[in-house]
Each structure stands twice: as C-alpha cells, then as structure tokens.
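Some notes on the structure that comes next.
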Amino acid sequence: MKKSLIIPLLMISATIFSQQKSIMRIYPEKSEHIIPKEIYGQFAEHLGRCIYGGIWVGKNSSIPNINGYRKDVFEAIKELQVPVIRWPGGCFADEYHWMDGIGPQEQRPKLVNNNWGGTVEDNSFGTHEFLNFCEMLGCEPYISGNVGSGTVEELAKWVEYMTSDATSEMTQLRKKNGRDKPWKVKFIGVGNESWGCGGNMTPEYYANVFRRYQTYCRNYGENRLYKVASGASDYDYNWTETLMKNAGRHMDGLSLHYYTVKGWDGSKGAATRFDEDDFYQTLAKSVEIEDILKRHIAIMDKYDPQKRIGLLVDEWGTWWDEEPGTVRGHLYQQNTLRDAFVASLTLDIFHKYTDRIVMANIAQMVNVLQAMILTGDKGEMVLTPTYHVFRMYKVHQDAEYLPFDLICNKKKISDNRVVPSISATVSRNKDGVIHISLSNVDTQNNQEIVIELSGLKDKKVSGEILTANNLTDHNTFDRPNIVSPKVFNGAKILNENTITINLPAKSIVTLELK
Ligand code: AHR
C-alpha cells in the first residue's frame with residue numbers, strides 16, 4: 001500500500017475505534033491471483049459414519065438413495081460445488097488395501113477398522129463407488145495411497161487400475177468389475193501423516209520412501225498425476241525442510257495438517273458447551289494457522305523459489321471432544337456458530353496465500369469433525385453452520401482475489417494474542433461481479449464498516465447473513481434452521497466510491513455487487 005493512503009486511513013481510524021467502526025479500502029485494479037476452487041476441497045475418510053451412513057447407505061437401504069449414495073447428502077454436497085474430495089483417509093489410508101474394495105460387494109472381505117473404533121469395514125464402498133461418486137458430483141478425486149502398510153507394487157497397480165486404457169491384467173480386472181474406460185485421477189497422496197499413523201517414519205527415511213513409491217505411480221495415456229508428499233503437522237518445520245531438501249524435485253505438492261482445538265495445550269473441549277473466552281481463544285488458535293503457513297511457505301520458497309511445488313492443507317478444521325453417547329473413535333461432533341467462524345476466518349487466510357497453497361480439504365465432509373452435514377440412521381439430515389459458510393463462500397471459487405486494506409479493532413486474548421474483529425475476502429468473478437465476505441467476530445458490538453471501492457455507479461448490492469442468538473447455537477434434526485443464512489439488508493451504496501455496512505455482532509455476511 002502506498003504511504004499516502006495509509007496515513008489518512010490511520011487518522012480516520014484513530015478517531016472512530018471506540019465506536020466499533022472499521023475502514024476497508026479495496027484495490028480492484030490490483031488483482032494478483034485467482035482463488036483456486038480446490039481451496040474448497042473436502043476430506044472423506046472411512047471413519048465413523050462419514051462414508052457408511054453418511055455418503056453411502058447401499059442400494060437396498062430404505063433411506064432414499066441413488067445407486068447406494070444417500071440422495072439428500074448427494075444433493076446438498078452438489079449444491080456446494082465441491083471441487084475435490086480426498087479419500088479413503090487419513091490414518092485409514094495406510095491400512096487400506098484397495099483390492100479389498102473391488103468386485104461384487106457381497107464377496108468383499110470384512111475387516112476391522114483399527115484406527116477408528118474397531119468398527120467392521122465391509123468394503124462395500126471402494127474404488128468404483130468413490131470414483132463414480134466424484135464423477136456424479138463433477139469433482140476431482142484425490143486418492144490417498146497406502147505407504148505405511150502397503151507395497152510399492154500395490155500402489156502402482158492401483159494407479160494402473162484406475163487410469164490406464166491399455167490392455168493389461170489390471171485394466172481387464174477393472175472392465176470385469178463394470179468400468180470400461182479409465183477414470184481421470186490427477187491427485188495422488190503418497191502416504192498420510194507418515195510421521196505418525198502412516199508409519200512413524202523420520203523425515204529422512206520418509207523422503208526416501210516417497211522417492212521410491214512415487215517412481216512407480218505412472219502417467220497412463222493422457223492422465224497426468226499430481227504427486228503429493230505426506231507433509232508436516234502444525235509446527236513441524238523440520239519435516240518440511242527435510243522433505244523439500246531431500247525429495248523436493250520428485251514431488252508436485254506437499255501437504256500440511258492443522259486442526260483447531262480450544263487450548264494451546266492441545267485440549268479440545270466440548271463442541272457446544274463453551275463460553276465467550278473459549279470462543280475467542282478458539283478463534284486465536286484458528287488464525288494461528290497464518291503464522292504457521294508463512295513459516296512452512298518460507299521453507300518451501302528457499303528450496304523452490306519458482307513456486308513449482310504446491311502446498312496442500314489437506315486436513316484442517318475444528319476437533320472437539322466426541323459427543324457424549326456416541327461411539328468412541330468415530331469423532332462425531334456438533335457444529336455451532338463458532339465452527340462457522342473458524343471456517344470463514346481460515347478460508348480468508350487461505351485466499352491470501354494461493355501463490356503457494358493449491359488445495360485445502362476440510363475434515364471431514366459428513367458426520368466427522370467439522371462436518372458439512374450430520375445424518376441419522378433413520379434418514380435424518382441436517383446442514384451445519386460450516387456448510388452454510390461453504391455455500392456462502394462458493395462465489396469465491398476460481399474468482400480473482402482483490403487486495404484490500406482493513407483497519408479494525410483487535411480483540412486481545414490471553415497470552416498476548418489478538419484476533420482482528422473483522423476478517424474478509426474480496427473477489428471478482430469472470431462476469432465482473434464482486435463478492436465481499438465479512439466476518440464480525442465481536443460477540444457484543446455491531447461494526448460500522450466504510451468500504452472504499454471505485455466503480456460502484458449503477459451497481460446494486462445484495463447480501464446474505466449467517467448469525468444466531470448464541471455462539472453455542474447449532475442445528476439439530478428437530479431444529480434444523482437455528483443457524484441458517486438470511487437475507488442481509490445492512491449494506492448501502494452511498495456514492496460511486498463508497499459502501500457502508502452495519503455488520504451485526506457475531507455475524508458472517510457475503511455481499512454481491514453487480
Ligand atoms: O481426520 C482425522 C484424522 O486426523 C486423520 O485420519 C489423520 O490423518 C489425522 O490425524
């Protein structure tokens with residue numbers, strides 16, 4: 001930002017801070033990058049009721065389904081324009097043997113899901129069911145390959161089975177199982193959390209394992225793989241450093257996992273029972289991801305200044321204590337207005353770093369952790385506050401990111417941490433329509449926001465708002481619309497360069513200017 005612009009903004013802001021006023025200046029002429037739609041990716045693991053009972057009920061279920069996929073879940077996910085789904089795990093991926101999940105469903109072996117509650121896995125949802133689901137949704141599959149307990153040959157054959165059009169044992173098998181043409185599979189993860197559930201490897205050892213496994217993941221025909229190395233979690237910068245140094249030239253992408261929990265000590269806390277201090281602490285924990293990203297990105301920049309290698313935050317979201325009365329190890333949690341803020345604030349951060357971040361996958365799509373959708377065994381379904389944020393934010397997918405300056409109050413949290421009261425994203429889509437998303441995390445005060453933006457002549461503003469009476473409010477099967485978007489009329493175009501907004505306390509708004 002030019003110095004001449006900073007000074008007037010600061011002068012005005014100093015006089016109005018006490019009135020919860022904020023100033024935003026948007027620079028539409030300075031668009032720097034596109035927000036890749038893959039930032040809105042999802043993660044679906046064989047864990048709890050994410051796949052079974054969430055996405056998949058089987059053809060013979062009394063719950064309405066399309067060839068075994070829950071109809072209501074499919075339609076809700078379709079509405080989100082999900083660009084990519086990561087599957088089959090997670091920790092599950094490193095114990096998954098893909099051949100168990102092909103062929104006649106009734107003949108597939110039953111196994112115990114050792115990672116997640118010892119539940120019996122009947123393998124009725126396998127490669128065909130997943131890749132067909134992606135085709136029905138019009139999204140990309142992101143396959144997470146077994147490196148921890150699988151062989152190089154097994155992974156190589158999986159790639160061949162899915163993507164080859166040649167005549168071979170694998171393609172004959174695929175055809176016998178009902179799929180003639182190969183699927184398009186671009187993203188392949190070579191292991192998951194290889195420092196932990198994926199094999200407890202050291203970074204030096206894994207770097208060599210990655211180099212070996214990825215060698216045999218071949219490009220068949222027109223299919224081009226994008227090979228993702230299993231990356232660090234949180235603050236493990238040494239993992240990123242070692243991988244970049246020892247295996248950087250063999251990878252297309254490197255992953256990162258970051259979960260938002262309540263406490264700095266790693267404690268989780270209840271999903272629906274928390275107070276205002278907990279709320280702010282959680283938000284501080286969620287925006288901490290920005291510093292973590294900067295440090296991992298700085299290491300990647302050192303080894304890859306051309307930014308050839310993408311960073312994939314392929315697991316992120318809130319992780320609370322499991323809901324009382326649910327199966328241990330199934331990671332089922334409710335989802336409140338607090339989760340909605342974690343989603344909007346995190347997406348706002350991801351949008352800023354898309355010169356390096358190429359994908360993000362919230363954990364997880366249905367019934368697990370920060371889910372979009374919760375389902376019941378009798379056919380009930382509810383959309384969570386997080387779903388509504390993803391729906392309100394989908395307008396930013398593949399849109400140009402418009403830079404801005406924002407001057408607002410900052411909420412001080414314990415440990416000298418701060419959370420800005422306003423978080424935002426501004427983008428312009430291919431039709432020239434501008435969308436502004438604003439989150440007011442202040443639980444008590446409305447925010448008056450003055451937005452400077454040129455070119456507003458003849459434009460109209462409309463909007464949607466997500467808020468609730470209480471931070472702990474959430475949707476249930478009996479009361480599904482406690483937290484749901486409403487029409488927002490609090491934005492006014494004052495003149496051809498200015499919009500004013502009265503943003504209610506604890507609310508998330510997306511405006512459309514056209
Ligand atoms: O998302 C739940 C689990 O969290 C995943 O299986 C694992 O990769 C991570 O530790």
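Once the Cα atoms are used to define both axes, helix 203-215 deviates from the longest principal axis of the chain by about 60 degrees.
Where Lys and Arg each count +1 and Asp and Glu each count -1, what net charge lies around ALA247 among other residues with Cβ under 14 Å from its Cβ? The partial results should precede the final answer.
On the way: positive: ARG211, ARG212, LYS227, LYS245, ARG249, ARG308; negative: GLU204, GLU241, ASP252, ASP304.
Result for the neighbourhood of ALA247: +2.
By its C-alpha gyration tensor, with a ≥ b ≥ c as the square roots of the eigenvalues, how is the stretch 36-398 shaped: rounded for a/c under 1.5, else prolate for a/b larger than b/c, else oblate? Oblate, since a/c reaches 1.5 and b/c is not below a/b.
Scoring 188-198, 294-304, 156-166 by mean Cβ neighbours within 10 Å over their residues and listing the highest first yields 188-198, 156-166, 294-304.
Taking the Cα centre of each part, how many Å lie between the stretch 467-509 and the stretch 268-296? Centre-to-centre (Cα) distance: 21 Å.
Packing here is the average count of other Cβ atoms within 10 Å per residue, and on that basis the peptides 362-370, 102-110, highest first, run 362-370, 102-110. Only Cα pairs under 8 Å and 6+ residues apart enter the sum, and on that basis the relative contact order of the stretch 36-398 stands at 20 percent. How large, in percent, is the carbon and sulfur part of the accessible surface of the stretch 293-363 at a probe radius of 1.4 Å? Percent of accessible area from carbon and sulfur atoms in the stretch 293-363: 55.
Hey, which of these cross-link pairs are over 19 Å Cα-Cα: LYS78/LYS394; LYS410/LYS506; LYS294/LYS506; LYS157/LYS245? Mind showing how you got there, number by number?
Working: LYS78/LYS394 12 Å; LYS410/LYS506 14 Å; LYS294/LYS506 28 Å; LYS157/LYS245 29 Å.
Listed pairs above 19 Å: LYS294/LYS506; LYS157/LYS245.
Scanning the chain for cysteines with no neighbouring cysteine C-beta under 4.7 angstrom from their C-beta gives CYS50, CYS134, CYS139, CYS217, CYS408.
Computed from Cα atoms, the angle from the helix 237-247 axis to the main principal axis of the chain rounds to 50 degrees.
Rounded to the nearest 5, what % of the DSSP beta bridges within the chain are antiparallel ones?
Values: 54 of 93 bridges.
Taking every DSSP beta bridge with both residues in the chain, the antiparallel ones total about 60 percent.
Taking the mean number of other Cβ atoms within 10 Å as a proxy for protection, how do you rank 317-328, 334-345 from highest to lowest?
Details: 317-328: 16.8, 334-345: 27.2.
Listed from highest to lowest mean packing, they are 334-345, 317-328.
To the nearest 10 degrees, how steep is helix 337-352 against the longest Cα principal axis of the chain, on a 0 to 90 scale? Tilt of helix 337-352: around 90 degrees. Accessible area per residue for the chain, computed on protein heavy atoms with a 1.4 Å probe, is 40 Å². The phi torsions of the stretch 487-503, fed into the Karplus equation with coefficients 6.51, -1.76 and 1.60 and a -60° offset, translate into couplings of 5, 10, 10, x, 10, 10, 7, 7, 7, 6, 10, 9, 10, 10, 9, 9, 9 Hz, rounded to whole numbers, with Gly and Pro shown as x.
The values are calculated or read from the model by the stated rules, or taken from the named source; none is laboratory data. Computed from a predicted model, the values in this text were never measured in an experiment. A quick note on method: Cβ atoms are made from the backbone with ideal geometry, for glycine too, and the neighbour counts reach across all protein chains shown. Note: accessible area is taken over every heavy atom of the protein model, side chains too, but ligands, DNA and RNA are not part of it. Shrake-Rupley method; radii C 1.70, N 1.55, O 1.52, S 1.80 Å.
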